[in-house]
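To start, the structure itself, in structure tokens.
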Amino acid sequence: MTNIIEVQNLTFTYHGASKPALNNINLKVRKGELVAITGHTGSGKSTLLYTLNGLIPHVLKGRKNGKVFIKGMDVDKHPPEELARTIGVVFEDPETQLTSLTVEDEVAFGLENISIPREEMVERIKWALNIVRLPFDKFKNRAVTTLSGGEKQRLAIASILAMKPEILLFDEITAHLDPLGKKEISEVIDTLRKLGEHTIIWSELNTAEIANHADRVIILKDGKIILEGPPYYVFRKVSTTDVKPPQITELAIKLKIEPVIKLEEAEKVFQEYLKKVKNQINLSFEGKESFQIKSDSSIIIDINHLYFGYEKDKYVLEDINLKIRKGEFIALVGQNGSGKTTLAKIIMGLLKPSSGDIKIFGKDIRESKLIEIAQHIGLVFQHPESQLFEATVEKDVSFALRNLNLPKDEINKRVEDVLRICGIEELRKADPLLLGLGQKRRVGIASVLVMHPEVIILDEPTSGQDWFQSIEIMDMLKELNKKGHTIIFITHDMELVAQYATRVVVLHNGKILFDGPTREVFKKVEFLNSISLGVPQIVELFYKLNLPIALTIEEATEFLLTH
Amino acid sequence: MAYTLYSEKRTIFHKLHPISKFIMAICATLIITIFTDPLFQAIIFFFGIAMYFGAKFDRKPLSFAFKPLLSLVIIALIMFLPIGSTIAKKNPTFIGPIYQISNYTLGLCIEGILWSITMCFRIFSLVLYVVIVIASTSPAEILPALKKTPLPKIFVYGLALVFRYIPVVLNEFTTVREAQICRLVDFERGNLFERGRKYVSILIPALLVSAVKAERIQMALVSRGFGDLKKRTHYKEISFTRKDQVLTISSIIILILAIIGALFYDIGMAPNVRSPFKP
């Protein structure tokens, strides 16, 4: 088969950067392949994609050595607008790539740019929207702003497909989506694979998804390719510090059995294993429950029959009843639009309930000023890094304390403490805007923590972070929980929920569908799948094997390992 | 969620070209500005109301637009009633107590009352004609309409992006504001300087986020072949029909007649009331 993409000795350093983002990359991609690129955040995945469609060097400037050829065309000599007929890119954030007001105009935009006659446009728009399951008649006049995240990303894919490029570049296209959106995109990738008309280069962090779709996996680390090959080979060989392999692969490696990468095949392999070891393992989690709901602690947030709506008689939250006790570690899960963030804002006093009662530390929220609530509860917004504005980290962290007019000594002491807790002491004098994403997020969390809130609510604290950065943040929250802080975190990542939460609250269409201990929630696999929240692979596997539900790799290994 | 004035309907105005509706609104605005006689203002207003309901628009956009005007009208009445005497050409007809402030003789007078009524009608009429245009013009129609004008193409596409990203930027500002409130910034307290300083905590992050988004939008645009504007084809073509021609020409004729009438025959001009159009 012919190579449709050829990258030769490619090194690229962004303007002003001290080290290269890509370092001596050599890559050949055959027509029709689906190549997945993975690695830590900042390993060079997106940069590599940008060199393929000409954004580098034509739009993003820096020092470039080496060559990139797309269907024999030297990318240096062809700007991205010219390459757009051959290579299309779908970006991470659906919000910044959709430029029109309605769905049909959005798909038409690219076609207008490449001078497709109007009659042909109509056919292409219908075809492309059909592939991404946004039926033309139903969606053509829909305002882009009214679409869900998943629909927006599918629209972005349709607007590229309509241009009929042979190569598609997907740059972490599910990073901003909820589980339902992720599932929809996964189905679209399946459809594209069945069509077989495209070569796909896909930058992705979710290795389970990669295992399901990719022909080949490339692992990048510090701008270099450190491992490359079919998913079976790569996920068996890769160090777990470089990439987090699919949970079932990790478990199989730990149990020293035949490594599997797809859930469908795992069931059979693990059943075989169980037959062999059934007399040597203890088939019970009795006494091993590490998480306990703290039913003896005092209730600090008490919500009764809460209703909230932005418009009259249209409720975003309906009949919410929730009692939160001191020292709990709660995950608030649900699809986008289920009311998670709204609930957090109501608890914080940013939104007033339409009806119902909320007591914060025994006091009715209607009688409390925000400044009083903020002494007890800290809300860390999604992307807290985009709220930083001061010249140094310590100034940004101390901002809330200065608003409280606390004495300087007290401010210094609190800042010192919180910088240490968040592991960012050495960044004290650094400009927060120049830090890496993970560090910025820690600064954002520190700037709320510094107010010494007893309850910390975090809205998707790990979004946009790779697994390793997510674990660092969650470990930090676990430490805070051990010190007595009550933690409520909103997330879409069910692996993190299984690993860290002691209690899970499932919100769906503004109602609480389930509220209980983590293991109890994960026992309801079919329920979680039915509302498209999904479960971690380990949970799914144990459910299929009719075993007591294990929540983490560690638990599963301990359970299945023969002694 | 913000209420948008546009609604999918099949009124006669929905079928018209956006440019002809813009011209109608501009002509109406000029006529409203020229006339000072409250009777003529009332005629313009009720003509607009008749057009609005005759065309079977929903009540909702109009009531949504009119509600916030009530306070503006009260302000206009309070402001213009006592100072109404200052806009009289000759001696005003006082009907209440008179006050002397500096060189001005103030007090309730006939001219002031007429002027206040005129101002109230003006405010409502201006909003009414703009609502007619906005409620019947999908934002998605504006871009194809403007493409046909002599306006520079880069300006037209820039404008389209502004339409698309206004909600995104506003959302960004709201989120940053709420985040800073949670960091105990009280935007309601302090003098003007202090409040300005507090808004820096919103402006800097929001501008930085917007700058990053702008770069990403640029990347998305060029990646989808946006470059040579001359070779572009167009998906939507909005034609300028006979009805559009009638509306445009009649709007311009009425404007010309209003100017001539006001300038040479004092038609639509309140007696003894000064006008910047005809001092």
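The values are calculated or read from the model by the stated rules, or taken from the named source; none is laboratory data. Everything numeric here is computed off the predicted structure, so don't read it as measured data. So basically every Cβ, Gly included, is an ideal-geometry build from the backbone, and we count neighbours across all protein chains shown.
So the values come out like this:
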item: Residue identified as within 27 Å of the chain's Cα centre (by Cα), in a helix (DSSP H, G or I) and more than 30 Å from A:A108 (Cβ to Cβ) among B:I267, B:I253; result: B:I253
item: Scan of segment A:100-109 for residues that are of a type in the set (A, V, I, L, M, F, W, C) and either in a helix (DSSP H, G or I) or more than 7 Å from chain B (Cβ to nearest Cβ) (or both), ordered by number; result: A:V103, A:V107, A:A108, A:F109
item: Filtered residues of segment B:189-229 (kept if more than 8 Å from every other protein chain (Cβ to nearest Cβ) and polar (S, T, N, Q)); result: B:N191, B:S210
item: Subset tally (residues that are closer than 20 Å to A:E92 by Cβ, among the β-branched types (V, I, T) and more than 10 Å from chain B (Cβ to nearest Cβ)) for segment A:126-160; result: 2
item: Residue check, B:T36 farther than 11 Å from B:S136 by Cα, away from chain A (no Cβ under 14 Å) and in a loop (DSSP other than H, G, I, E, B); result: yes
item: Only one of A:E112, A:E119, A:E123 that is closer than 18 Å to A:K164 by Cα, within 9 Å of chain B (Cβ to nearest Cβ), outside any strand (DSSP E or B) and not small (G, A, S); result: A:E112
item: Count - residues of segment A:507-542 that are buried (at least 20 other Cβ atoms within 10 Å of the Cβ) and over 17 Å from A:D493 (Cα atoms); result: 4
item: Residues within segment A:53-64 that are part of a helix (DSSP H, G or I) and either among the acidic types (D, E) or buried (at least 23 other Cβ atoms within 10 Å of the Cβ) (or both), tallied; result: 2
item: Total residues in segment B:231-259, condition more than 10 Å from chain A (Cβ to nearest Cβ), without any contact (Cβ under 8 Å) to a residue 24 or more places away in the chain and of a type outside the set (A, V, I, L, M, F, W, C); result: 2
item: Answer from A:S532, A:S470 - the residue that is small (G, A, S) and assigned by TED's automatic domain parsing to the domain that holds A:F270; result: A:S532
item: Checklist (1) at pLDDT below 85; (2) over 20 Å from A:A391 (Cα atoms); (3) more than 7 Å from chain A (Cβ to nearest Cβ) applied to B:D186, failing item; result: (1)
item: Filter result for A:L343 (in a helix (DSSP H, G or I), more than 14 Å from chain B (Cβ to nearest Cβ) and either at pLDDT 90 or above or in contact with a helix residue (DSSP H, G or I) (Cβ under 9 Å, 6 or more places away or on another chain) (or both)); result: yes
item: One residue from A:A374, A:A400 being within 11 Å of chain B (Cβ to nearest Cβ), under 22 Å from A:E454 (Cβ atoms), surrounded by 15 or more Cβ atoms within 10 Å (Cβ to Cβ) and modelled with pLDDT under 90; result: A:A374
item: Elements of type strands (runs of 3 or more DSSP E) in segment A:404-510, at least 1 residues being in contact with a Pro (Cβ under 7 Å, 6 or more places away or on another chain); result: A:486-491, A:503-508
item: Identity of the residue in segment B:33-55, buried (at least 20 other Cβ atoms within 10 Å of the Cβ) and polar (S, T, N, Q), that ends up farthest from the chain's Cα centre (by Cα); result: B:T36
item: Which numbered condition B:Y199 misses (of (1) farther than 21 Å from A:D105 by Cα; (2) in a loop (DSSP other than H, G, I, E, B)); result: (2)
item: Per-region count, segment B:138-183, residues modelled with pLDDT of 85 or more, at the interface with chain A (Cβ under 7 Å from one of its Cβ atoms) and assigned to a helix (DSSP H, G or I); result: 7
